[in-house]
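Asks: One structure follows; several queries about it will come next.
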Amino acid sequence: MVLRLVEAIDVYLAGTVMLIFGMGLYGLFISNVPPGVPPVLDRALKGSSLFGMFSLKERPKWMKISSLDELKTKVGHVIVMILLVKMFERSKMVVIATGLDLLSYSVCIFLSSASLYILHNLHKSE
């Protein structure tokens, strides 16, 4: 049951990477909307609904991408999350038999948590 949930989270994060990458490339190279333009003039929002049921009034704040570096940063964050979910999925199958196994497992959890914390604090102002 838990492994199915972890797999579902992994698929969701992979879809998020594709969404951010696709919308970012569209916003940077195709629509060419300057950052100060009102949402009414944003071509990406026109026709962005599922059969007219979910129309967007404006882009979410986390989808406003103004440079290629910002796009790489956002995609990188989601990729790190995918790696952490994969690590969690693999760790459910690890057999802990000795104290060294437990120490290695603890260090792995600590390093992954520390990397996520550092990554979050590096881009806190953005």
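Please treat every number below as a calculation from the coordinates, not as lab data. None of these values were measured; they are calculated from a predicted model. Note that each Cβ is placed from the backbone with ideal geometry, even for glycine, and that neighbours are counted across all protein chains shown.
Asks: Assuming 0.36 nm per residue, please report the length gained on full extension of the stretch Y105 to L28 beyond their Cα-Cα distance.
Replies: Using 0.36 nm per residue and subtracting the Cα-Cα distance, I get 23.6 nm.
Asks: Here's another thing I want to ask about it. Once you place label points 7 Å from the Cα toward the Cβ at L5 and M18, how far apart are they in nm?
Replies: Taking the simple label geometry, L5 and M18 are separated by 2.5 nm.
Asks: Please identify every one of the GluC sites (Glu not before Pro) in region 57-108 that sits in a loop by DSSP and has no more than 12 other beta carbons within 10 Å of its own beta carbon.
Replies: Qualifying residues, ordered by number: E58.
Asks: State the extension gain, in nm to one decimal, for the chain segment bounded by S66 and S113, taking 0.36 nm per residue of separation less the distance between their alpha-carbons.
Replies: My answer for the length gained is 14.0 nm.
Asks: Between H120 and F88, with labels modelled 7 Å along Cα→Cβ, what's the label distance in nm to one decimal, could you check?
Replies: Result for the modelled spin labels: 1.3 nm.
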